[in-house]
Amino acid sequence: MKGRFLIWLLFFISSDNFAQELLPFVENFTKTDYKGDNQVWNLTQGEDKAFYFANNHYFLRYDGVKWERYSLPNKTIIRSVFAHQDKIYCGSYNEFGYWKRKKGIMQYFSLSKGKNFFKGSSKNEEIWKIFRANNKLYFQSFNELYIYENQTIRKVEIPFLISYCYVIDEQIYVASVNKGVYLFDGKQFSPLSKWDAIFDNVIHGIDRNQKSTYIFTLKNGVFVEQGNGLTEWQHPLNTILKKEGINAAQFYKTDQLVIGTVSNGVYIVQLKTGKYIKIDRNNGLSNNTILNP
């Protein structure tokens, strides 16, 4: 819980922290506080400013004062949450739908129930990520996409095993487990051959900052798109990240980069100066593992 929750708290970092070598404030929450499971797989912030968590068997809501705990009707593990308008979309085992607040409590509405999506080769799918692109909502497992548009849902089988999808400028980048990165146009998956430098890598992040696209790999550090190919990120931290492994990464505004590692805490990089600080169990965290989004 604490590792994934940390990413939200770090967004209050200012450049003064780097100038004065101060660490940002970190607050840890225990199971006693939120009365749920240890693992948090995903989080999102709703338009009501409350935070929502995929907490294994529980769906949690925290408004800064009070915790609320809910379960899906079938009691399955919740892997993903995504806020859009007044709904919190939710992905689970052979199930996806949304939560909506009514009369002061969260109520669940299934989108997949009765649709026969999870049959045959699809009988053991888990929705690990939910995202929006081109005015459509996408529910992603490691093998399939379920595209929600105009009250209808279309299922697309992915012809290879993937880690996650990433959206940049309304384009959907599909990171395979060992076949590189593909672009999905709504119908076809087209390989990005110019990114062959990351072929056979597990991708844990694709993001853009200042017109440059960054690719974050699990074991081989960070790559940056340059011209018609990729080059390794020219920063001393990249050597460290190759040893520690990257689980999650995200730019904050245009001048900071937050990187969560497999087992060694979080790095916050000031891009203008190249300086970085590290937060781990020695100075604030109660868990060094930062889960991917």
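Here are some notes:
- Filter result for the condition that a residue is of a type outside the set (Val, Ile, Thr) and either touching a residue at least 60 places away in the same chain (Cβ under 8 Å) or in a helix (DSSP H, G or I) (or both), over Leu291, Leu230: Leu291
- Strands (runs of 3 or more DSSP E) wholly inside the range 89-143 that include at least 1 residues being touching a Lys or Arg at 6+ places or on another chain (Cβ under 7 Å) and charged (D, E, K, R): 95-102
- Cβ-Cβ contacts under 6 Å between residues 6 or more apart (or on different chains), taken from a first residue in the range 57-69 that is in contact (Cβ under 8 Å) with a residue 12 or more places away in the chain to a second residue that is of a type in the set (Lys, Arg) and surrounded by fewer than 20 Cβ atoms within 10 Å (Cβ to Cβ), are listed as Tyr58/Arg69; Leu60/Arg69; Arg69/Lys35.
- Subset of the range 161-182 [in a loop (DSSP other than H, G, I, E, B) and either open to solvent by 20 Å² or more (accessible area, probe 1.4 Å) or in contact with a Cys (Cβ under 6 Å, 6 or more places away or on another chain) (or both)]: Leu161, Asp169, Glu170, Val177, Asn178, Lys179
- Lone qualifier among Lys102, Lys119, Lys123, Lys113 - being under 22 Å from Phe51 (Cα atoms) and either open to solvent by 10 Å² or more (accessible area, probe 1.4 Å) or within 21 Å of the chain's Cα centre (by Cα) (or both): Lys102
- Selection within the range 250-285 - open to solvent by 50 Å² or more (accessible area, probe 1.4 Å), touching a residue at least 12 places away in the same chain (Cβ under 8 Å), out of contact with any Ser or Thr (no Cβ under 8 Å at 6 or more places or on another chain) and assigned to a loop (DSSP other than H, G, I, E, B): Thr254, Lys272, Thr273, Lys275, Arg281, Asn283
- Condition met for Leu72 (open to solvent by less than 40 Å² (accessible area, probe 1.4 Å), under 19 Å from the mean Cα position of the chain (by Cα) and either at pLDDT below 95 or not β-branched (Val, Ile, Thr) (or both)): no
- So Gly64, is it over 13 Å from Met106 (Cβ atoms) and either assigned to a loop (DSSP other than H, G, I, E, B) or polar (S, T, N, Q) (or both): yes
- Residues in the range 149-160 that are outside any strand (DSSP E or B), surrounded by fewer than 16 Cβ atoms within 10 Å (Cβ to Cβ) and of a type outside the set (Phe, Trp, Tyr): Asn150, Gln151, Pro159.
- Residues of the range 183-215 that are under 26 Å from Ile290 (Cβ atoms) and either of a type in the set (Gly, Ala, Ser) or assigned to a strand (DSSP E or B) (or both): Ala197, Ile203, His204, Gly205, Ile206, Asp207, Arg208, Asn209, Ser212, Thr213, Tyr214, Ile215.
- The one condition from (1) part of a loop (DSSP other than H, G, I, E, B); (2) of a type in the set (A, V, I, L, M); (3) open to solvent by 20 Å² or more (accessible area, probe 1.4 Å) that Ala83 does not meet is (1).
The values are calculated or read from the model by the stated rules, or taken from the named source; none is laboratory data. Worth saying up front: this structure is predicted, and the values here are computed from it rather than measured. Counting neighbours? That spans all protein chains shown, and the Cβs are built from the backbone with ideal geometry, glycine included. Remember, those area values only see protein heavy atoms, side chains included, never the ligands or the DNA or RNA. Shrake-Rupley method; radii C 1.70, N 1.55, O 1.52, S 1.80 Å.
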